[in-house]
1. Within the chain, how many Lys pairs sit with Cα atoms under 21 Å apart, leaving out pairs fewer than 8 places apart on the same chain?
2. Between the helical axis of 3-13 and the dominant principal axis of the chain, each derived from Cα atoms, what acute angle in degrees is found, rounded to the nearest 10?
3. Please compute the Cα-Cα pair-distance distribution of segment 1-100 with 10 Å bins starting at 0, giving whole percents from short to long.
4. Three principal axis extents, largest first, for the C-alpha atoms of the chain, in Å?
5. Where does helix 165-179 land angle-wise versus the long Cα axis of the chain, in degrees 0 to 90, nearest 10?
6. Quick check on packing: order 74-82, 141-149 by the mean number of other C-beta atoms within 10 Å, highest mean leading.
7. First measure r as the distance between the Cβ atoms of R100 and R63, then evaluate 1/(1 + (r/R0)^6) with R0 = 30 Å and state the FRET efficiency to the nearest 0.05.
8. Could you state the accessible area per residue of segment 113-198 in Å², with a 1.4 Å probe and every protein chain left in place?
Amino acid sequence: MTAPGMLAELRRNLDESNEQFWLDSECFAALSDGQREYASTILSQYKAKVLINPSESIPEVLRTLYKILSSTTSTSYIALPNDFLYDVSLLLGSQPLLKRELSRTIPAEQANSLLCASGYYYSIDSQINLEITTPSSPVSFIFNYLQKPTDITQDVNPILPDFTHYPIVIYAYAELLKKSQRLQEALQQYQIFLQLIKYL
């Protein structure tokens, strides 16, 4: 669905055929929240799978959020992109670095094979921290990550795949019902949203 199509579907659910009670901006904000919630739910499942299998492939739902940052660094840290949501992998020069949190959950021998026996790790807090000696000259890096979902507006269509659009509308419907103090109906719609989520 396009953004206007999702807005129309949401208004049908709200039974606003004769009169509109919600501003477009409120509806698009609820749709944006739904898109973020869908992505967040799938991302939580993906993270759990990565801890068991570090080579777990990114689910289709999140592939539209995949981005690549290529640059150089001459320090032991890299600034996070403004739209950063989750790190997928980091290549420093020609060397893959292992995420520090994974080193605590996988056997040492597996970590060594993933690290090409370099023993280099990275971690993330407010920046990307490289657990290496400070480079004496700029080193190239490739940072693969998932971006935050863009807001849905009249002119910006949802970034997640088509099969997520109807559940996103249901989430937005639940959110607006909650704001109207129709809490029981809101909870029912939220449960429907959860049932419609697919890890693909």
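1. So the count of such lysine pairs works out to 12.
2. Once rounded, one gets 50 degrees.
3. Whole-percent P(r) values from 0 Å outward: 11, 32, 26, 18, 10, 3, 0.
4. 68, 32, 26
5. So the inclination is approximately 70 degrees.
6. Details: 74-82: 13.6, 141-149: 19.1.
Result, highest mean Cβ count within 10 Å first: 141-149, 74-82.
7. Values: r = 25 Å, r/R0 = 0.83.
Efficiency, rounded to the nearest 0.05: 0.75.
8. Details: 4610 Å² over 86 residues.
Ligands and nucleic acids excluded, the figure is 54 Å² per residue.
The values are calculated or read from the model by the stated rules, or taken from the named source; none is laboratory data. Remember, predicted model here, so these are calculated numbers, not experimental data. Backbone-built Cβ (ideal geometry, glycine too); neighbour counts: all protein chains shown. Note: accessible area is taken over every heavy atom of the protein model, side chains too, but ligands, DNA and RNA are not part of it. Shrake-Rupley method; radii C 1.70, N 1.55, O 1.52, S 1.80 Å.
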